[in-house]
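Encoded as structure tokens, the structure appears first; notes follow it.
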Amino acid sequence: MQNIPGYGRGGITILKEYKRITVAENCHGCFACEVACKQEHSLPVGPRWIRVYPDMREVGGQWRLSYFVTECGRAAPAPCQLACPAGLNAWHYVSLASQGKFKEALEVIRKTTPFAGVLGRVCTRPCELDCERGKVDVPVAIRALKRFLADHEMQSGREKATPVKQTKDSQVAIIGSGPTGLSCAYDLIRQGYPVTVFETDERPGGQLRYGIPENRLPKQIVDDEIGYIEELGVEIKTNTPIKDLSGVLSQEYQAIFLAAGAHLSQKMEIPGEDTEGVTYALDFLKRLNSGQKVTLGEKVAVIGGGNTAVDAARVALHMGVKEVSIIYRRSRAEMPAMAAEVEEAEREGVKVDFLAVPTRILSKGNQLTGIECVRMELGEYDASGRRSPVPVRGSQFNVDIDNLLVAVSESVDKAMLPEGLKSTERGTVHVNPHTLQTNVVGVFAGGDVVTGPRDVVGAIAAGKEAAVSIDRYLSGMDLREDRSTTARVLREVTKGDSIRTVTALIDEKKAIAEAKRCLNCGVCAETLENGLQTACVNACPSHCIYYRDIWEITPKTGPYL
């Protein structure tokens, strides 16, 4: 599954920790460890990850000089890898890319996910937020490097994937071919399970295909990476909606993974919402991505502050609409869309009106003419930890528009869910948070259908976690033994408004130069995992420092520790 050093069998496990043992009386203050560390990690002038301090104290009535070596918290998986919900070993593939080993770097990504090109364009980049290089100047452009690796292979011609030999008797059915379902299928097929994916729509991909505009995620990329999954042996049946789980289980499938997504647009619940000219942004994007002709007037407003709202606004502008505005009820700081995408939309000409909310649709003969809005101000903090928007008395104003695109949120369409599944108060499928099991034996669920709308990397992580549970279930193993909880899978990924924007690296030289900026954070953990000692230890002439697995120092017991 994931190449994360740790205990347990597959999936996201408890990560190993290492502690540096220092024999202080042997240290002579030669600073060899400091020098070796700076060289190993190519640290620029200034930062030092190991520090050697003189320590003068009175011992038995005499002053004694010794040295103190600081602790090091970097003998662990790299921060970029720990930050990734899917556990992508970013340090490893960036390191290979810095050596010009692009094919090998892409194979490292494929040990975790086939979606290098997808994530290289639409990932929210939590890895870059935690990148150690960002503490020196700016983070390594990890997402752009992923994109480069995928595009480089596509341009040079991808070799067809070798089908995986099916070694398991148990068959798995996956309902939904979005990133969650396909990620689960990808991991299970590589373990030898026969996997069939059932998709309601005409083509596979879910939101990757129908919810993200072509300018952000070309469908050629989606087709190629789904094609790779199919080449491994995953069967995808399109135009095949599934509503009867018992029928699937009776068709010789021993396990089902429900990954149907959240595709139902929420209504604003204001007067006139059914007026002609009011369209939901997801429907608008799906129609366009399906090749249907869509026409808009000269003035368009988009209601909402998420990525879907921004995507819809930019697409409308690219279609030739003269005036496009986004109306969002909170402030810019609270806008959930990725800041870089919002800034790009504004550069292209999209106007964003903050602290405003529509209260009524204006029409003439059931034809949209505008919207009535009211100004908002931020009041007390609500359950989400954000300040609630409160209407400002007497602040109503009208906006003349020809079309309105609504993107306030998405939810699970209960009509699409199979009967018998227990749901939550939010209308999502209820699962065991540790195993993703539903109340129906043999049925698991994950992704947007459980959490509500998420980002792509979070969806991929959910699919991978489900694959671990399904494998254990079919193997008769304990589903929780030696596993951490899915807190990492359900983690909210920050929008990354403090990250510089590097969308693409156009040639090999620039890609290599960018990759070389990496500080090789993960090399120490990899060295220790291979049974060796780190550069600082090897450089010490007095043998006063060395690393030990912290579990060997303080043994723990219990299946979930």
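The values are calculated or read from the model by the stated rules, or taken from the named source; none is laboratory data. Please read these numbers as outputs of a predicted model, since none were measured by experiment. Neighbour counts are summed over all protein chains in view; Cβ atoms, including those assigned to glycine, are modelled from backbone coordinates with ideal geometry. Side chains are part of the model used for accessible areas, which takes the heavy atoms of the whole protein and leaves out ligands, DNA and RNA. Shrake-Rupley method; radii C 1.70, N 1.55, O 1.52, S 1.80 Å.
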- For all pairs of alpha-carbon atoms in region 312-356, what percent lies in each bin of width 10 Å, listed from the first bin to the last filled one? 29, 57, 14
- Message: Testing the spin-label approximation: label points 7 Å from Cα along Cα→Cβ at ARG332 and GLU231. State their distance in nm.
- Response: 4.5 nm
- Note on the structure: Percent of all alpha-carbon pairs of region 220-376 at distances over 24 Å, whole number, is 48 percent
- How large is Rg over Rh for the chain, taking Rg from the Cα atoms and Rh as the Kirkwood inverse mean of 1/r across Cα pairs? 1.02
- Note on the structure: Log10 I(q)/I(0) at q = 0.09, 0.17 Å⁻¹ for region 126-281, from Debye over equal alpha-carbon scatterers, is -0.43, -1.07
- Can you list, bin by bin at 5 Å, the percent of alpha carbon pairs in region 275-359, starting at 0? 3, 15, 28, 26, 18, 8, 2, 0
- With every protein chain present, what accessible area does ARG64 have (1.4 Å probe, heavy atoms only), rounded to the nearest 10 Å²? 120 Å²
- Task: Evaluate the charge dipole of the chain about its Cα centre and quote only its size in Debye, nearest 20, assuming +1 on the Cβ of each Lys and Arg and -1 on the Cβ of each Asp and Glu.
- Result: 940 debye
- Given a Förster distance of 51 Å, the FRET efficiency implied by the Cβ-Cβ spacing of LYS510 and GLN62, rounded to the nearest 0.05, works out to 0.25
- Note on the structure: In Å, the Kirkwood hydrodynamic radius from C-alpha pairs for region 343-406 sits at 13.7 Å
- Message: Sequence gap at least 6, Cα distance under 8 Å: using those rules, report the relative contact order of the chain to the nearest whole percent.
- Response: 22 percent
- Plugging the Cβ-Cβ distance of ASN366 and SER395 into 1/(1 + (r/R0)^6) at R0 = 35 Å yields, to the nearest 0.05, a FRET efficiency of 0.80
- Task: Quick one: net charge around ALA76, please, counting Lys, Arg +1 and Asp, Glu -1 for every other residue with C-beta under 13 Å from its C-beta.
- Result: -3
- Item | ARG480 accessible area, assembled protein chains, probe 1.4 Å, Å² | 80 Å²
- Query: Once you put a point 7 Å from the Cα of ILE270 and another 7 Å from the Cα of ASN538, both along the Cβ direction, what distance in nm separates them?
  - Reply: 6.5 nm
- Message: Going Cα to Cα from LYS267, which lysines come in below 22 Å? Please leave out same-chain ones fewer than 8 positions away.
- Response: LYS286, LYS299, LYS364, LYS414
- Beta bridges per DSSP with both ends in the chain, % antiparallel, nearest 5: 55 percent
- Item | Under Karplus coefficients 6.51, -1.76 and 1.60, residue-wise ³J(HN,Hα) of region 329-336 in Hz, glycine/proline x | 7, 10, 8, 4, 4, 9, 5, x
- Message: Apply the Karplus curve 6.51 cos²θ - 1.76 cosθ + 1.60, θ = phi - 60°, to the phi angles in region 172-179 and return the couplings in whole Hz, x for Gly and Pro.
- Response: 10, 9, 10, 9, x, 10, x, x
- What Rg and what Dmax come out for region 12-149 when only alpha-carbon atoms are used, in angstroms? 19.6, 68
- Under 24 Å from LYS160, Cα to Cα: lysines that are on another chain or at least 8 residues apart: LYS101, LYS103, LYS111, LYS146, LYS168, LYS219, LYS237, LYS464
- Item | Residue-averaged [θ]222 nm for the chain, counting only DSSP H segments that reach four residues, each worth -39500 (n - 2.57) | -8500 deg cm²/dmol
- Sorted by accessible surface (1.4 Å probe, heavy atoms of the protein chains only), largest first, GLU199, GLU526 come out as GLU526, GLU199
- Task: Would you mind computing Rg(Cα) / (2.2 N^0.38 Å) for region 71-201, counting N as its residues?
- Result: 1.19
- Message: For LYS165, LYS103, LYS299, give me the order by solvent-accessible area with a 1.4 Å probe, most accessible first, ignoring ligands, DNA and RNA.
- Response: LYS165, LYS103, LYS299
- What would the Debye formula give as log10 I(q)/I(0) at q = 0.18 Å⁻¹ for the alpha-carbon point model of region 317-444, no solvent? -1.07
- Bins of 5 Å from zero: percent of alpha-carbon pairs in region 144-218: 3, 13, 16, 18, 22, 17, 8, 2, 0
- Message: Give me the mean projected area, in nm² to one decimal, of the convex hull enclosing the Cα positions of region 186-266.
- Response: 6.4 nm²
- Query: Which order do THR428, THR162, THR240 take by accessible area at a 1.4 Å probe, largest first?
  - Reply: THR162, THR240, THR428
